[in-house]
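I have placed the structure first, in the form of structure tokens, so that the comments after it can refer back to it.
Since every read-out is calculated from the coordinates, none of them should be taken as a lab result. Quick caveat: nothing in here was measured; it's all calculated off a predicted structure. Cβ placement follows ideal geometry from the backbone for every residue including glycine, while neighbour counts extend to all protein chains displayed.
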């Protein structure tokens, strides 16, 4: 199957400032993909170029098998997008805004409007004026507008911007529902790495306008090391630390409020646990620590900075 998005050698300058430098990445079909990078990395510029909102760039672009710009219209007919903060008419209701703006593109039915309103959790506010909406409600209405015509690909720029933790969880659930129920691929930029790790199965990481890394999240987080938190009584922590350090293995030991955090080669956890049991140290919990996308992101972008990326 064609990639949902394929970018090759994409470059863009604003005056003398080079924002994108031979950027390349590919987003697989049927995925929820995160687009990551520090502020100023070029994420929004890339999204705007993909949607045809910024002209005069160099490179090759494809979306849903359509070459851009020659087949741009055919591509955009299959794409929904919300770039930056969604804006609607303040004095019109959620329903009226969707009907008015959605009908400018294709005829709409009230059934579909009600369907997307319910999907994004705004059923109770369907006849409420947009000007009274909270930030989270405005973002959700923007997503509803993006999926009105059942796109194959939904592009979002910081969809949880300005939301509180509960709002971010709700948005994550909405996007998962859209992906599963509407069979829509999703490509979203975000700086909230924990949210991306929970939501996305694929990520593209850029820094200073160049591609730093891309791939499935599980592959990026795979490592020959594993982390375990070991919990025990306070009075046994010092003895346990000494015992583990004397095992003669390459184990990094750090303190936690309730015990120790161990970073070690995969497969050593059973040996460590057995040594503690043999020493009559009562381990109350042995908790595996999931690899963090944040740690991977910081390492990758730090490495790219050390190599002198484009500014």
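Specify the angular offset, from 0 to 90 degrees and rounded to the nearest 10, of the alpha carbon long axis of helix 94-103 from the longest principal axis of the alpha carbons in the chain.
So the helix axis and the longest Cα principal axis differ by about 60 degrees.
Of 96, 124, 77, which has the largest mean-square fluctuation in a 10 Å C-alpha GNM of the chain?
Top of the fluctuation ranking is 124.
For 5, 113, what ranking results if the residue with the fewest other Cβ atoms within 10 Å of its Cβ goes first?
113, 5
Please compute the length gained on full extension between residue 283 and residue 233, using 0.36 nm multiplied by the number of residues separating them and subtracting their Cα-Cα distance.
Full-extension gain reported as 17.2 nm.
Order 40-48, 83-91 from most to least packed using the mean count of other Cβ atoms within 10 Å.
Peptide ranking by packing, descending: 40-48, 83-91.
Gaussian network model of the chain, Cα springs within a sub-10 Å range: biggest mean-square fluctuation belongs to which of 27, 204, 277?
Of 27, 204, 277, the Gaussian network model singles out 277 as fluctuating most.
Hey, what angle do you get for helix 135-146 against the long axis of the chain, alpha-carbon based, 0 to 90 degrees rounded to 10?
In the chain, helix 135-146 runs at an angle near 60 degrees to the longest axis.
Can you compute the helix-only [θ] at 222 nm over the chain? Use -39500 (n - 2.57) per DSSP H run of at least 4 residues, normalise by all residues, nearest 500 deg cm²/dmol. Display every interim value, and only then the final one.
On the way: 11 runs with 107 residues, N = 311.
Counting only the DSSP helices, I get -10000 deg cm²/dmol.
Just to verify a number: FRET efficiency for residue 292 and residue 135, C-beta to C-beta distance, R0 = 25 Å, to 0.05?
The formula returns an efficiency of 0.35 here.
What share of the DSSP beta bridges in the chain is antiparallel, in percent to the nearest 5?
Values: 41 of 58 bridges.
The antiparallel proportion sits near 70 percent.
Once you keep just the Cα pairs under 8 angstrom separated by 6 or more residues, what percentage relative contact order results for the chain?
Contact order relative to length: 20 percent.
Taking R0 as 22 Å, what FRET efficiency do you get between residue 115 and residue 176 from their Cβ-Cβ distance, rounded to the nearest 0.05?
The calculated FRET efficiency here is 0.85.
Using only Cα atoms, find the angle between the long axis of helix 165-181 and the longest principal axis of the chain, and express it within 0 to 90 degrees, rounded to the nearest 10.
70 degrees
Using Cβ contacts closer than 10 Å as the measure, can you line up 208, 299 from fewest to most? Display every interim value, and only then the final one.
Values: 208 22, 299 12.
Ranking 208, 299 by Cβ neighbours within 10 Å, fewest first, gives 299, 208.
Can you sort 163, 119, 63 by how many other beta carbons sit within 10 Å, fewest first?
With the sparsest Cβ surroundings first, the list reads 119, 163, 63.
How far apart, in nm, are the 7 Å Cα→Cβ label points at residue 270 and residue 73?
For residue 270 paired with residue 73, the spin-label model returns 6.5 nm.
Please give the Cα centre distance for segment 89-143 versus segment 26-54, rounded to the nearest Å.
Segment 89-143 and segment 26-54 have Cα centres separated by 25 Å.
Note down the nm distance, to one decimal, between modelled labels 7 Å out along Cα→Cβ at residue 85 and at residue 242.
6.0 nm
Just to be sure I understand, if you calculate Cα Rg over 2.2 N^0.38 Å for this structure, which of (i) 1.22; (ii) 0.99; (iii) 1.04 do you get?
Answer by label: (i).
Which of the peptides 236-245, 146-155 is most tightly packed, and how do the rest follow, going by the mean number of other Cβ atoms within 10 Å of each residue? Walk me through the numbers before you get to the answer.
Values: 236-245: 15.8, 146-155: 20.3.
Output ranking for 236-245, 146-155: 146-155, 236-245.
Could you give the length gained on full extension between residue 11 and residue 124, defined as 0.36 nm per residue of separation minus the Cα-Cα distance, in nm?
Taking residue 11 through residue 124 to full extension adds about 36.2 nm, to one decimal.
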